[in-house]
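First up is the structure itself, then whatever we jot down about it.
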Amino acid sequence: KKREEMTPQKAAYFRQISDRITAGVYNDYDKLLKIYEYVAANFYYDTVAFSKKTYQYANPYRNIYNHENRIASSNSDSQGRVATTCQGFSGIFMALARAEGIPTRLIAGHRATSPTYNWDTEGDPTTRDHWWIECYVNGRWIFIDPTVGTNNRWNRETDTWQTYGITNYTYFDPSEEQIAVSHI
């Protein structure tokens with residue numbers, strides 16, 4: 001419910017980081033892949049925020065800045081580990097993709113919480129409780145869910161950081177059939 005304005009300084013910072021991440025890559029699709037890998041490898045999912053409906057640190061500028069500069073805050077430590085939720089993962093991805101000039105939009109919907117669930121056991125699938133991204137590249141909109149690309153976790157109640165990095169590419173440009181299994 002809190003928003004901050006995009007300033008020229010923030011836009012320039014996003015561009016500086018995205019240019020570094022995508023250095024040596026010259027097509028937009030591969031730039032998106034590099035951004036996906038950066039987000040999945042470097043950020044942590046806040047396991048408490050979503051489950052308890054507490055404050056979620058979704059500010060892409062602060063999250064990237066704190067990670068890059070190893071700044072401790074309410075959702076980060078001095079080692080550069082920053083925790084957020086799907087909103088934050090998607091915001092980080094969107095800011096970096098847009099900095100590269102790639103049309104990107106934020107999508108709110110619902111994701112089945114486990115591969116063992118199906119739409120009959122999910123509860124209320126009309127609840128908008130998950131955020132992901134769509135990017136326009138090569139003449140089409142592609143689906144990207146940067147949150148599920150990682151298995152890095154942070155439990156703020158125990159201050160436990162689990163580092164696993166990139167776990168999969170399943171939700172980087174999946175088919176419509178793959179999306180339909182888990183996302184509405």
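The values are calculated or read from the model by the stated rules, or taken from the named source; none is laboratory data. Because the structure is predicted, anything quoted here is derived from the model rather than measured. Cβ sites come from the backbone with ideal geometry, for glycine too, and all protein chains shown count toward neighbours. When the accessible area is computed, the model is the full protein with side chains, heavy atoms only, and any ligands, DNA or RNA have been set aside. Shrake-Rupley method; radii C 1.70, N 1.55, O 1.52, S 1.80 Å.
Can you find, among His130, Thr47, Ser73, the residue sitting farthest towards the positive end of the charge dipole of the chain, where Lys and Arg contribute +1 and Asp and Glu -1 at Cβ?
Ser73
Sorted by accessible area with a 1.4 angstrom probe, largest first, how do Tyr44, Tyr136, Tyr57 fall?
Listed by decreasing accessible area, they come as Tyr136, Tyr57, Tyr44.
Using the eigenvalues of the Cα gyration tensor, what equivalent ellipsoid semi-axes result for the stretch 40-109 when each is taken as the square root of five times the eigenvalue, whole Å, largest first?
20, 17, 8
Got the relative contact order for the chain handy, in percent, Cα pairs under 8 Å and 6 or more residues apart?
23 percent
Can you check what the net charge comes to around Tyr61, using other residues whose Cβ is under 11 Å from the Cβ of Tyr61 (Lys, Arg +1; Asp, Glu -1)?
Taking every Cβ under 11 Å from that of Tyr61, the sum is -1.
Rounded to whole Hz and in sequence order, give me ³J(HN,Hα) for the stretch 94-109 from the Karplus expression 6.51 cos²θ - 1.76 cosθ + 1.60, θ = phi - 60°, writing x for Gly and Pro.
Values, residue by residue: 4, 4, 6, 5, 5, 4, 8, x, 9, x, 9, 10, 8, 10, 10, x Hz.
Would you be so kind as to identify which of Trp161, Cys86, Ile17 lies farthest towards the positive end of the dipole of the chain, taking Lys and Arg as +1 and Asp and Glu as -1 on Cβ and the Cα centre as origin?
Ile17
For Thr167, which sequence-distant residues (separation of 5 or more, or a different chain) have an amide H within less than 5 Å of its own amide H, given hydrogens modelled in the peptide plane?
For Thr167, the qualifying residues are Thr150, Asn151.
Given the -39500 (n - 2.57) contribution per DSSP H run of 4+ residues, what per-residue ellipticity at 222 nm results for the chain, rounded to the nearest 500 deg cm²/dmol?
Calculated mean residue ellipticity at 222 nm is -11000 deg cm²/dmol.
Hey, any idea what % of the chain's accessible area is carbon plus sulfur with a 1.4 Å probe?
Of all accessible area on the chain, carbon and sulfur atoms account for 49 percent.
Could you give me the ³J(HN,Hα) list for the stretch 57-70, computed from phi with Karplus coefficients 6.51, -1.76, 1.60 and θ = phi - 60°, whole Hz, x at Gly and Pro?
7, 10, 6, x, 5, 5, 5, 5, 4, 5, 5, 5, 9, 6
On a C-alpha basis, how far is the centre of the stretch 1-59 from the centre of the stretch 152-184 in Å? Whole number, if you could?
The stretch 1-59 and the stretch 152-184 have Cα centres separated by 15 Å.
Given +1 on the Cβ of Lys and Arg, -1 on the Cβ of Asp and Glu, and no further charges, what dipole in debye does the chain carry about its Cα centre, rounded to the nearest 20?
For the chain, the charge dipole is close to 660 debye.
Relative to 2.2 N^0.38 Å, what does the C-alpha radius of gyration of the chain come to as a ratio? Two decimals please.
1.00
Ordered by residue, what ³J(HN,Hα) values in Hz, to whole numbers, does the stretch 143-160 give under the Karplus form 6.51 cos²θ - 1.76 cosθ + 1.60, where θ = phi - 60° and Gly and Pro are x?
Running phi through 6.51 cos²θ - 1.76 cosθ + 1.60 with θ = phi - 60° gives 8, 9, 10, x, 5, 8, x, 10, 10, 5, 9, 9, 10, 5, 6, 10, 6, 9 Hz.
Counting only heavy atoms of the protein chains, get the accessible area per residue of the chain (1.4 Å probe) and round it to a whole Å² value.
Heavy-atom SASA per residue in the chain reads 54 Å².
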